[in-house]
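**Student:** Structure incoming, see below.
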């Protein structure tokens, strides 16, 4: 028997390094898989409509049921549901095993829109044989990086079909179709020292060369793309569109050691994806909700924006209008929107004690003038959960001599009266056509949000 016991012990000692080795690679493999799926989501979501459509497909696959605001709802415990407004905003929720009146609701918020260049209603410009289109700047765009890039075009088109019905249709050219060329330095010797950009005259992209007698309408080009993408769709005429240009380069891992993710629209599709995966992978025991609003970059004042009634109306129908305030009093919102990481070339743009570093954890954003909604209570819960999981976090406070941005956090807190935390993944190049973040921070935030959505008590 002693010899048998000794043999078992020796076998355990031999197997233990193998088990430890497996465990050590298991987490990076999950992390890698998370990031690869994130890259796919970013690359296939060039507009809020595409992002929302991708989220609905993921939710459908996970067994969530679509709700129609025009119909009666019959919600059941332990089920997942989602509702879409304008095709560009979504609220997804799990009812949990307990009533929201008893347990509260664990909410996460993000936004689907990003700064971009949107096509004007009558955009055609013909100059010296070049076919261009006029664009309107949407949001606080960093304009310089839009020059000399391969641009594609995507968005929503509203049309009259062959049966006389008005329908919406998504289009995505998915290849370079436009370019905004810089003026050569030989023609602008002060380009590197004193260059300003006029959005009206400097930004119209070049789409193609045409003959002098060309009469091609922009809608003709859009109609041809619809027929290519949706050959089954009959078209009587195009009635309207909401189309924007975007960087044709897909999202990528970057850096010599793959430390970074580079992509368009990291602000704030990164948070949308993190919140969605957290909702899907949470225990499902507690009531939990994800809201992703459109129009955050232009103030959120719309039917589907954070200043609008979308979230409130969903909560009313879930909890009952007379009981919503009771549920909210036990609830908490985490507003996830990216933060400014310390740029190594511009260290002085940060408060010396509050400079978030990439890949060092999500950033709790604090502003006592309520540009962020974080308070000590909401920050405490996040810090507690993060500590329980052994995960890092950081803090951000804007320099006292600089203006502070904002998020949907204060708007949601003000509308609902809900305890709110503002947090986000640190990034570079916010509001540029291409942004950069660390490969580890998104996964870290996902882990904490997943735990938060199953936390037994949040307020």
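**Student:** Does any residue of the range 371-385 turn out to be in the same structural domain as residue 301 (by TED's automatic domain parsing), surrounded by fewer than 23 Cβ atoms within 10 Å (Cβ to Cβ), within 17 Å of the chain's Cα centre (by Cα) and not in a helix (DSSP H, G or I)?
**Tutor:** no
**Student:** Which one of these is outside the structural domain of residue 44 (by TED's automatic domain parsing) and not in a loop (DSSP other than H, G, I, E, B): 256, 243?
**Tutor:** 243
**Student:** Looking only at the range 117-140, how many residues end up being surrounded by 14 or more Cβ atoms within 10 Å (Cβ to Cβ) and not in a strand (DSSP E or B)?
**Tutor:** Adding up the residues that qualify gives 1.
**Student:** Being closer than 19 Å to residue 171 by Cβ, modelled with pLDDT of 95 or more, in a helix (DSSP H, G or I) and under 16 Å from the mean Cα position of the chain (by Cα): is that true of residue 42 here? Don't jump to the end; show me each part of the working.
**Tutor:** On the way: closer than 19 Å to residue 171 by Cβ: yes; modelled with pLDDT of 95 or more: yes; in a helix (DSSP H, G or I): yes; under 16 Å from the mean Cα position of the chain (by Cα): yes.
Taking the combined requirement at face value, the residue satisfies it.
**Student:** Let me ask something else about it. Being surrounded by fewer than 13 Cβ atoms within 10 Å (Cβ to Cβ) and assigned to a helix (DSSP H, G or I) is the filter here, so list the residues in the range 326-356 that pass it. Outline the logic, then answer.
**Tutor:** If we filter the range 326-356 for residues that are surrounded by fewer than 13 Cβ atoms within 10 Å (Cβ to Cβ), which is where we start, we get 344-348, 352-353.
Listed by number, the residues that qualify are 347, 348.
**Student:** Give 151, 221 a once-over and let me know the one that is over 16 Å from residue 46 (Cα atoms) and not assigned by TED's automatic domain parsing to the domain that holds residue 432. Spell out how you get there, then give the answer.
**Tutor:** On the way: 151 fails: over 16 Å from residue 46 (Cα atoms).
The match here is 221.
**Student:** Any idea how many residues of the range 361-370 are surrounded by fewer than 17 Cβ atoms within 10 Å (Cβ to Cβ) and either at pLDDT 95 or above or under 14 Å from residue 423 (Cβ atoms) (or both)?
**Tutor:** Residues flagged as surrounded by fewer than 17 Cβ atoms within 10 Å (Cβ to Cβ) and either at pLDDT 95 or above or under 14 Å from residue 423 (Cβ atoms) (or both) within the range 361-370 amount to 0.
**Student:** Any residue in the range 173-192 that is outside any loop (DSSP other than H, G, I, E, B) and within 20 Å of residue 121 (Cβ to Cβ)?
**Tutor:** As a first pass, look at the range 173-192 and keep what is outside any loop (DSSP other than H, G, I, E, B): 178-179, 185-187.
Cutting the leftovers down to within 20 Å of residue 121 (Cβ to Cβ) gives us 178.
Yes, the range 173-192 has at least one match.
**Student:** Would you check which residues across the range 291-319 are in contact with a helix residue (DSSP H, G or I) (Cβ under 6 Å, 6 or more places away or on another chain) and assigned to a loop (DSSP other than H, G, I, E, B) and list them?
**Tutor:** If the condition is that a residue be in contact with a helix residue (DSSP H, G or I) (Cβ under 6 Å, 6 or more places away or on another chain) and assigned to a loop (DSSP other than H, G, I, E, B), then 294, 300, 304, 306, 307 are the ones that fit.
**Student:** Please give the number of the condition residue 295 fails out of (1) in contact (Cβ under 8 Å) with a residue 24 or more places away in the chain; (2) more than 30 Å from residue 102 (Cβ to Cβ); (3) surrounded by fewer than 24 Cβ atoms within 10 Å (Cβ to Cβ).
**Tutor:** The single condition residue 295 does not satisfy is (3).
**Student:** For the range 172-186, which positions are over 24 Å from residue 214 (Cα atoms) and either touching a residue at least 12 places away in the same chain (Cβ under 8 Å) or surrounded by 19 or more Cβ atoms within 10 Å (Cβ to Cβ) (or both)?
**Tutor:** Here is the first cut: in the range 172-186, the residues over 24 Å from residue 214 (Cα atoms) are 172, 174, 182-186.
Of everything in the range 172-186, those that are over 24 Å from residue 214 (Cα atoms) and either touching a residue at least 12 places away in the same chain (Cβ under 8 Å) or surrounded by 19 or more Cβ atoms within 10 Å (Cβ to Cβ) (or both) turn out to be 172, 174, 182.
**Student:** If we keep just the residues of the range 259-268 that are in contact with a helix residue (DSSP H, G or I) (Cβ under 9 Å, 6 or more places away or on another chain) and assigned to a loop (DSSP other than H, G, I, E, B), which is farthest from residue 87 (Cα to Cα)?
**Tutor:** So the residue we want is 264.
**Student:** Working only within the range 277-290, note down all residues that are buried (at least 24 other Cβ atoms within 10 Å of the Cβ), touching a helix residue (DSSP H, G or I) at 6+ places or on another chain (Cβ under 6 Å) and in a helix (DSSP H, G or I).
**Tutor:** Correct list: 278 only.
**Student:** Looking for whichever is within 16 Å of residue 205 (Cβ to Cβ) and surrounded by fewer than 24 Cβ atoms within 10 Å (Cβ to Cβ) here; the options are 101, 143. Which one fits?
**Tutor:** 143
The values are calculated or read from the model by the stated rules, or taken from the named source; none is laboratory data. The shown structure was predicted, so the numbers you read here are calculated from the model rather than taken from an experiment. Neighbour counts are summed over all protein chains in view; Cβ atoms, including those assigned to glycine, are modelled from backbone coordinates with ideal geometry.
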